[in-house]
Amino acid sequence: MTETAVQDLTTERAARLNEAGEFWDRRISEDAANAKLTYTANGESVGSVATRINAGKHEFLVDEPAGLAGDDEAASPVEFALGALISCQVVVYRLYAHQLGITVDGIDIEAEGDLDVRGIFGKDDAVRPGFSEVRLRINISGPESAERYDELRQAVDEHCPVLDLLSNPTPVTSEVVKV
């Protein structure tokens, strides 16, 4: 990417972040209830154990590898969870870098999650079916000091919605409906 293209992207990103911030400032100032959003998605089973997900105007497939009864046509649910965490981190890093005046040239995030399948298959009730631990490695390039990037990490850790979902219990209700 040329230096001009990088500058154009930086300028466009700043403009979009400013526009979004100003929009939400106005909406929330008008009525705090405007801050509350509801996201929806629906899924339909396809193939062996895959699911076709519709979220807004987007559609994607989620599957499992053959070892977990899938056709390996797409990433698994837990891989999507890691991907959701990574992508949410990128958004919040960009948002808070902008707010804090911290220059970030590039962000590359790696996520690892440890999962013990004994929990999934009911082989040991003491083993949780979800991740026992998730590790993130955030590689940031730019001119700032390590201390400034750590300040940014702290702000992101406090405000990333998907990190919050994975770090704190969220009430979930479910209902089976026979059709």
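The values are calculated or read from the model by the stated rules, or taken from the named source; none is laboratory data. Source: prediction; values computed, not measured. As a convention, Cβ positions derive from the backbone with ideal geometry for all residues, glycine included, and neighbour counts pool all protein chains shown. Quick note on the areas: whole protein, heavy atoms, side chains included, nothing else; ligands and nucleic acids left out. Shrake-Rupley method; radii C 1.70, N 1.55, O 1.52, S 1.80 Å.
Summary of values
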| read-out | value |
| --- | --- |
| Approximate spin-label separation SER48-LYS123, in nm, with each point projected 7 Å along Cα-to-Cβ | 1.8 nm |
| Where a label projected 7 Å from the Cα of ALA41 along Cα→Cβ would reach, residues of the stretch 160-176 with amide N under 14 Å | 162-163, 165-166 |
| Gain on full stretching of the segment that runs from PHE23 to LYS57 - 0.36 nm per residue minus C-alpha separation | 10.0 nm |
| Heavy atoms of HIS58 accessible to a 1.4 Å probe, total area in Å² rounded to 10 | 110 Å² |
| Cross-link reach list, aspartates and glutamates versus LYS57, counting only Cα pairs under 13 Å and skipping chain neighbours closer than eight places | none |
| Span-like helix ranges in the chain, DSSP H, alpha carbon extent 18 angstrom or more, Kyte mean at least -0.5 | 77-100 |
| Within the chain, longest stretch clear of exposed trypsin sites (Lys or Arg not before Pro) (DSSP loop, no more than 12 other Cβ within 10 Å) | 58-122 |
| ASP72 long-range amide H proximity, modeled H, under 5 Å | GLU64, ALA66 |
| Percentage relative contact order, the chain, counting C-alpha pairs under 8 Å, at least six apart | 14 percent |
| Sparse-neighbour loop sites [chymotrypsin sites (Phe, Trp or Tyr not before Pro); the stretch 110-179; at most 14 other C-beta within 10 Å; DSSP] | PHE121 |
